[in-house]
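This report refers to the structure that appears directly beneath it.
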Amino acid sequence: MLMELRENYQKGARVLIRTYGCQMNKYDSELLMGILVDNGYRLVDCERDADVILVNTCSVREHAEKRALGRLRQFVGMKSNKPGLIVGVYGCMAQRYGDEMLKEVPGIDIVAGPDSFPRILEAVRNAESSAQICTTLGDFDGEGWRPYRKTNSLSGWCAITRGCNNYCSYCIVPYVRGHERSRPLDDIIREVESAVQQGVREITLLGQNVNSYFDGEHDFADLLKAANDIEGLWRIRFATSHPKDFSDKLISAMRELPKVCEHVHLPVQAGSNRILKLMNRGYSREDYLELVDKIKDNVNGVALTTDLLTGFPTENEEDFEQTLDLMKSVKYSGAFTFKYSPRPGTKAAEMENDVPEKTKISRLEQMIKVQQESAAEFSRNLVGTTQEVMFEENSPKNPRNMRGRARNGKIVEVTGEGIKKGDVWTVKINDAQTWVLFGEKIDKLIDNRQ
């Protein structure tokens, strides 16, 4: 039986990859897919069809871990009816738990950390005989592997750094992804060029803090300039930006480079200086607002989005009101809002989690309400403007219409006649909902065959 299973995997087992978490996790899953497909494995979309199931996990929030644990237990439970099924957990959660994962989910076969790309094939092939644990963090930078690109995919990701050196007191990322490592600029450009050759027209450069990118010679603004020169690439986005490292040189690059989109994801987390200091964020409220003004003054039509956290230890009503006040001042076009949950191993986990759960939920609801009002105002202010839109799909509510994204990240929908996926048009915005703009096409800028 064991020999038959190994022969099956060598001939091309069917693999399902489930991903939880941020864009970096999705990119890592694409790397996994690329490795497996290049070695003869076949990707499937349904667990019933899979010989191997890998769950790529996130540890940033407790809810994400609980969700992943539930799915892993479900997949392990399938083994009773499917002998030979291999189930693995990959990513940050695997790094945090290590071999304790085998106790948390008995029957799991592979526990692999986020830097385990070079060993993933070996782990899958050997999992039938014993549990495989590979969670050593290293200097792997992705060179030699190519992300798997779906047919007709217009957008793609490219990691430019791995790990983080900031050690925000609430954040587990430095502990599960290691210290910050920047990939060589030439490696990144080769990967983006490869993606463009496969039909990708918009790339998002990824890192826990892209602003601190430095490969020993080039900084992040230099990288944007090099990417801007890639023929066939239409748009460049990036995430995430730490406010303390957002330089004047980067702002100039955003203003001057035509392919860099006018959108900045700039996590603030809180509006209170006292809480920001406890979070070890490295900037004050005043620093942040000064940076926001500088970006708005220099990058015409820029949209700002953010991350916000409420219920951090010792947060009182005054602290929370300062966060709401900052939100109203900046007027974000979008935000990810969360209530605090302790992450074991972080500095904040040593503090008393003293904000009642009921209070956290109430404050989160208030943040969401303020943000919806700001997003609606941002959208209304775009009525009457013209926006450059790259169309990506038919509208889910009205298939006769086409949907795409403006350079500022807003979703735009128009009557679909004469528009193909991948076309870029200027669109006049005639109406706006909170999250979707509606308009009419004016001029075609780029045909999808280019």
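Could you rank the peptides 122-135, 323-336 by their average count of other C-beta atoms within 10 Å per residue, with the highest value first?
Highest-to-lowest ranking by the protection proxy: 323-336, 122-135.
Set Lys and Arg Cβ to +1 and Asp and Glu Cβ to -1, take the dipole of region 148-303 about its Cα centre, and tell me which of TRP234, VAL176, SER212 lies farthest positive.
Positive-end residue among those listed: VAL176.
If r is the Cβ-Cβ distance from ASP443 to LYS103 and R0 is 60 Å, what FRET efficiency results, to the nearest 0.05?
The computed FRET efficiency comes out at 0.45.
Provide Rg and Dmax in Å for region 171-323, with only Cα atoms included in the calculation.
Looking at region 171-323, its Cα Rg and Dmax stand at 16.9, 53 Å.
Could you work out the local net charge near LEU304, counting Lys and Arg as +1, Asp and Glu as -1, over the other residues with Cβ closer than 9 Å to its Cβ?
It works out to a net charge of +2.
Count charges around SER333 for me, please; just the other residues with Cβ under 13 Å from its Cβ, Lys/Arg as +1, Asp/Glu as -1.
Neighbour charge sum, excluding SER333 itself: +3.
Between the alpha-carbon centers of region 187-203 and region 275-322, tell me the distance in whole angstrom.
33
What net charge do the residues around ARG274 carry, taking every other residue with its C-beta under 13 Å from that of ARG274, with Lys and Arg at +1 and Asp and Glu at -1?
Neighbour charge sum, excluding ARG274 itself: -2.
For the chain, with a Gaussian network of springs between Cα atoms less than 10 Å apart, report the residue from PRO356, PRO243, PRO184 with the top mean-square fluctuation.
PRO356
On a full-extension model of 0.36 nm per residue, what is the gain between ALA349 and GLU373, subtracting their alpha-carbon distance, rounded to one decimal in nm?
Taking ALA349 through GLU373 to full extension adds about 5.4 nm, to one decimal.
Do any cysteines in the chain lack another Cys Cβ under 4.7 Å, and if so which?
CYS22, CYS46, CYS58, CYS92, CYS134, CYS158, CYS164, CYS261
Once R0 is set to 35 Å, what does the formula 1/(1 + (r/R0)^6) return for the Cβ-Cβ distance between ASN165 and ASN81, expressed as a FRET efficiency to the nearest 0.05?
Numbers: r = 46 Å, r/R0 = 1.33.
Plugging the Cβ-Cβ distance into 1/(1 + (r/R0)^6) gives 0.15.
Order 14-20, 367-373 from most to least packed using the mean count of other Cβ atoms within 10 Å.
Packing order, densest peptide first, comes out as 14-20, 367-373.
As a check on your grasp of the helix formula, calculate [θ] at 222 nm for the chain: sum -39500 (n - 2.57) over DSSP H runs of n ≥ 4, divide by the residue count, round to the nearest 500.
One gets -10500 deg cm²/dmol as the mean residue ellipticity at 222 nm.
Sorted from fewest to most neighbouring beta carbons within 10 Å, what does the list LEU266, LEU137, LEU445, LEU437 look like?
Ranked by crowding around the Cβ, least crowded first: LEU445, LEU137, LEU266, LEU437.
Could you pull out which residues in region 254-268 have an amide N less than 19 Å from a spot 7 Å beyond the Cα of ASN228, following the Cα-Cβ vector?
Residues 254-265 qualify, since their backbone N sits under 19 Å from the label point.
Say the dipole of the chain comes from +1 at the beta carbon of Lys and Arg and -1 at that of Asp and Glu; which of LEU121, ILE295, SER153 then lies farthest toward its positive end?
With unit charges placed on the Cβ atoms, the residue in question is SER153.
Cut-off 10 angstrom, C-alpha nodes, Gaussian network model of the chain. Which of GLU317, GLU47, GLU392 fluctuates the most?
Between GLU317, GLU47, GLU392, it is GLU317 that shows the largest mean-square fluctuation.
Each residue of region 407-421 in order: what ³J(HN,Hα) in whole Hz does its phi give by Karplus 6.51 cos²θ - 1.76 cosθ + 1.60, θ = phi - 60°, with x for Gly and Pro?
Residue by residue, region 407-421 yields 4, 7, x, 6, 6, 10, 10, 9, 4, x, 4, x, 10, 10, 4 Hz.
Taking 0.36 nm per residue of sequence separation and subtracting the Cα-Cα distance, how much length would be gained by fully extending the chain between GLU193 and GLU217, in nm to one decimal?
Additional length available on full extension: 6.6 nm.
Rg (Å, one decimal) plus Dmax (Å, integer) for the alpha carbons of the chain?
Spelled out, the Cα radius of gyration and Dmax of the chain are 22.8, 68 Å.
So what are the ³J(HN,Hα) numbers for region 230-237, from phi and the Karplus equation (6.51, -1.76, 1.60; θ = phi - 60°), rounded to whole Hz, Gly and Pro as x?
Residue by residue, region 230-237 yields 6, 5, x, 8, 9, 9, 10, 10 Hz.
Treat each spin label as a single point 7 Å out from the Cα along the C-beta direction, and report the GLU122 to TRP435 distance in nm.
4.4
Which pairs, out of LYS150/LYS410; LYS410/LYS444; LYS294/LYS360; LYS66/LYS397; LYS369/LYS441, put more than 28 Å between their alpha-carbon atoms?
Values: LYS150/LYS410 23 Å; LYS410/LYS444 19 Å; LYS294/LYS360 32 Å; LYS66/LYS397 32 Å; LYS369/LYS441 32 Å.
Where the Cα-Cα span goes over 28 Å, the pairs concerned are LYS294/LYS360; LYS66/LYS397; LYS369/LYS441.
What is the Å³ per residue value for the convex hull set by the Cα atoms of region 386-446?
Each residue corresponds to 71 Å³ of Cα convex hull volume.
Throughout, read-outs are computed from the coordinates displayed, never taken from laboratory work. Given the structure is predicted, the values throughout are model-derived calculations rather than measurements. Don't worry about glycine lacking a Cβ; one is built from the backbone with ideal geometry, like all the others, and counts go over all protein chains shown.
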